[in-house]
Amino acid sequence: MDQTPGSPRGPREENPHGSSDLPVCYRHPERETGIRCTRCERPICPECMVDASVGFQCPDCVSRGSGTGHPHAVARPRTLAGGTVTADPNLVTKVLIGLNLALFLVQLSLGDDFTRRFELLGRASYTGFSPLEGVAEGQYYRLLTAMFLHGGYAHIIFNMLSLWWLGAPLEKALGRARFLALYLVSGLAGSALSYLLAAANQPSLGASGAIFGLFGATAVLVRRLNYDMRPVIALLVINLVLTFGWSGIAWEAHIGGLVAGVMIGYAMVHAPRERRALVQYGTCALVLAVVVVMTVVRTLQLT
């Protein structure tokens, strides 16, 4: 949730880096894979896998219901994390980008008064003569609204590009509801840590806390799929260097979002199937509980 453009640059859709002896996905010939459809036994990459009661199936077999003549194995096709497979796997990502862009146009139209009403602020008076404002004054909505505001053209361009690069493949892997939970909870965690540690009179805004959460979840997903971790680690190091080396960036929001993203991402892709939803959404609730604790502690300090 930085004040100036400092968002992470997300990787393009990942490609597997396996042995040259591995077969390639029948839908993506450039991707090697060791996974096969449990019905037709064609090789499928992680993007094409549809979670079934036993193993994974390819999209063609799922769409036909029973590709090899065997009984249909799943009632509804599922993503890697257990979400429902949809016709548009990037809808939530597109909606979030559209919402950010729409609110940026509102900022341009209404000016600083609108931004000051909704950006993240601990406790301060904007003019010295106006009443105190901020989260400590009961304006808790700022923890959320600040995630959808930006400080300039470069700021929103970098953040929205990052949201698309990271959000599109993550939404495909997690499903809509799980992806949205990851985005919002990571952003709130970034806001809460910024509120806890930053100066009370230091305003901040931006989607970078939530985007760093997507970054953390991407790292977990890449590890889960046995992709090459080196590009992700390199991008993470670069962005952390920018976070701490570039003035005007709220590093607290980046770190808060990153830690939350790793925790939630791990729960999303490693939860046991028999109690998957409980573990996934329980982890989100746990992170939200930490957000509440940080908010209460800081509010008590400032009032």
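Read-outs throughout are calculated quantities, based only on the coordinates presented, and are distinct from any laboratory measurement. Predicted model, so just to flag it, every value in this text is computed and none were measured. So basically every Cβ, Gly included, is an ideal-geometry build from the backbone, and we count neighbours across all protein chains shown.
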Under unit Cβ charges (Lys, Arg +1; Asp, Glu -1), what dipole magnitude, rounded to 20 debye, does the chain have relative to its Cα centre? 700
Give the peptides 114-124, 266-276 in descending order of average Cβ contacts within 10 Å, highest first. 114-124, 266-276
For the stretch 232-244, just list the computed ³J(HN,Hα) in residue order, Karplus coefficients 6.51, -1.76 and 1.60, θ = phi - 60°, integers in Hz, with x standing in for Gly and Pro. 5, 4, 4, 5, 5, 4, 4, 6, 5, 4, 5, 4, 8
Compute the separation of the alpha-carbon centres of the stretch 248-303 and the stretch 130-156 and state it in Å as a whole number. 20
Burial-style ranking of 202-210, 286-294, average other-beta-carbon count within 10 Å with highest first, yields 202-210, 286-294
From the phi angles alone, apply the Karplus equation (6.51, -1.76, 1.60; θ = phi - 60°) to the stretch 267-273 and give each ³J(HN,Hα) in whole Hz, x where the residue is Gly or Pro. 5, 5, 9, 10, 4, x, 4
Quick one: which residues, 5+ away or cross-chain, put their amide H under 5 Å from the amide H of residue 36? H built at 1.01 Å from N. 44
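Order these peptides, 228-240, 82-94, by their mean beta-carbon neighbour count within 10 angstrom, highest first.
Sorting 228-240, 82-94 by mean packing, highest first, produces 82-94, 228-240.
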For the stretch 123-132, Karplus-derived ³J(HN,Hα) couplings (6.51, -1.76, 1.60; θ = phi - 60°; whole Hz; x for glycine and proline) come out as 6, 6, 10, 5, 10, x, 10, 7, x, 5
Just subtract the alpha-carbon distance of residue 110 and residue 293 from 0.36 nm times their residue separation and send over the number in nm, one decimal. 62.5 nm
For residue 85, enumerate residues with amide H under 5 Å from its amide H, sequence gap 5+ or separate chain, H modeled in the peptide plane. 78, 79
Starting from one equal scatterer on each C-alpha and no solvent at all, send me the Debye-based log10 I(q)/I(0) for the chain at q = 0.11 Å⁻¹, two decimals. -0.68
Per the Kirkwood treatment, what hydrodynamic radius in Å, one decimal, follows for the stretch 176-303 from the mean inverse distance over all distinct Cα pairs? 15.1
